[in-house]
Amino acid sequence: MKKNLITISIAFIILVIIALCIFPLENYIGISSQSVIFIIGAVLCSAYLIGLIVFFILNKRKAVVKIVEFNAPDNMTPADAGYVIDKKVDDRDISALLIYWADREYLEVSEVDKKTIMLKKIKEADDKMKDYEKTMFNSIFRTANEVNLKDLPNLIKPIATNIKTQIRNENHKKYFSSKVESASMWFTLGITLTLIFLSYFFGNGGTPSIILGILIFLISTFFSSVANKVYLQKKLKMIVLYIIGVVLFLILAALNIVFSINNLYVTIFIAIVTLLCLLTYILCPFMEYHNKEGKIVIGQLLGLKEYLELAEKERIDVLINENPKHFYDVIPFAYVLNVSNKWIEKYNFAKTISKKERHELVLAIGMLATILIFGEGASIFGGLFSSSSKKKKKKA
């Protein structure tokens, strides 16, 4: 019902704006349609800003109560822990399952030499495993009971997306609030579509404004995933990436304003909506997405992380190379919680898959944006040159 009401309201506002553009209002009240649209826009932007701030205050993340833990929460795998802590399935979340299974005696790990690591199946996947564990385990050993670690990317890649989806389905409803996520999505999507609408229909943005708007929206999803790691795991790499994301946003937003420059009213309006976009993208990721149970589990995981950092990290780093089996119960969680990369990083077979996927996505987006933005730019310059040559011919 609420979603229908939002959709109807948005449609009504768009129809009013279109009507104002068509109907010569200044003939009757002495005020131009653009002035009226600007006033309506200012009121809507003010209402949006108030709504965003109120929503943020109500859902702002509060300090998590850390619970001292010596083990992971009951029935939680490293993949579950990795997803719950940052709402994203990373390559290390998937790879950590190998050592987790070795600890539970489903498989055996043996290093033949420095370059060869073999995984041998000891027993079949059973009901003690979760669905995604069964999917991945059976995929690894579908052709043989012993496989080389180097072959895992090829074995897993066809079902990698399915495994990530299953991990998400296993944990999302349990630990996250769908209401907060839905509201956050509407805030982000709504303000981005507004920016695209203004730039395309009222500015001179044309095709580039649509592409830039889409790229700006994609960066918002980047903000969301990175901000969680910045907040909970405080990775220096993530902080740097977050700053890079803000810089990219500012560059794309500035390009969009340049492409969309029309009259003073429109330019101011687009600049205001751009600032609201930036504020939305900064605030939304720092809202609390975890539900009541999720907050408890986060407290337990952060308590475990603190224990590993204070009590175990030094011992792990020193002794792990001598006898890693003694730490099979700790290593996977130390890895996904960003406590220690010692020894286990060489088992991160999923990194190869993730790099290929990211490379292909970035390449595709980059090519599309380049073709459309510079293609449009070329047509604009071509039009300018053709018009100037026509003027010269007329003078002649």
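The values are calculated or read from the model by the stated rules, or taken from the named source; none is laboratory data. Here the structure is a predicted model, which means the values were calculated and not measured. Cβ placement follows ideal geometry from the backbone for every residue including glycine, while neighbour counts extend to all protein chains displayed. Ligands, DNA and RNA are stripped out before the accessible areas are found, and what is left, the full protein with its side chains, is counted by its heavy atoms. Shrake-Rupley method; radii C 1.70, N 1.55, O 1.52, S 1.80 Å.
Between E288 and K60, R61, the built amide H atoms are under 5 Å apart, and every one of these is 5 or more places off in sequence or on another chain. Within the assembled protein chains, the solvent-accessible surface assigned to E111 is about 90 Å², based on a 1.4 Å probe. Here the 3J(HN,Hα) profile of segment 125-130, calculated from phi with Karplus coefficients 6.51, -1.76 and 1.60 at θ = phi - 60°, is 4, 10, 6, 6, 7, 7 Hz, Gly and Pro shown as x. The HN-Hα couplings worked out from phi for segment 251-268 by the Karplus form 6.51 cos²θ - 1.76 cosθ + 1.60 (θ = phi - 60°) are 5, 5, 5, 5, 4, 4, 5, 4, 5, 9, 3, 10, 9, 4, 4, 5, 4, 4 Hz, whole numbers, x standing for Gly and Pro. Amide H contacts under 5 Å for F176: N291, restricted to partners 5 or more places along the chain or on a different chain, H placed in the peptide plane at 1.01 Å from N. Computed from the Cβ-Cβ distance with R0 of 22 Å, the FRET efficiency linking F201 to L248 stands at 0.30. The listed peptides 182-189, 273-280, ordered by packing as a protection proxy, come out as 273-280, 182-189 (highest mean of other Cβ atoms within 10 Å first). Counting 0.36 nm for each residue step from K114 to E293 and taking away their Cα separation leaves a gain of 60.1 nm.
With a 1.4 Å probe and all protein chains left in place, how much of the accessible area of segment 107-204 comes from carbon and sulfur atoms, in whole percent?
Details: 2810 of 5400 Å².
Ligands and nucleic acids excluded, carbon and sulfur give 52 percent.
At 0.36 nm per residue, and after removing the present C-alpha to C-alpha distance, how many nm does the segment from S182 to E309 gain when stretched out fully? Show your work: numbers first, answer last.
Numbers: separation 127, 0.36 × 127 = 45.72 nm, distance 3.51 nm.
That pair, S182 and E309, stretches by 42.2 nm at full extension.
Checked against a 19 Å cut-off, the cross-linked pairs K164/K325; K174/K305; K134/K292; K130/K173; K114/K134; K173/K305 give Cα-Cα distances beyond that limit for K164/K325; K174/K305; K134/K292; K114/K134; K173/K305.
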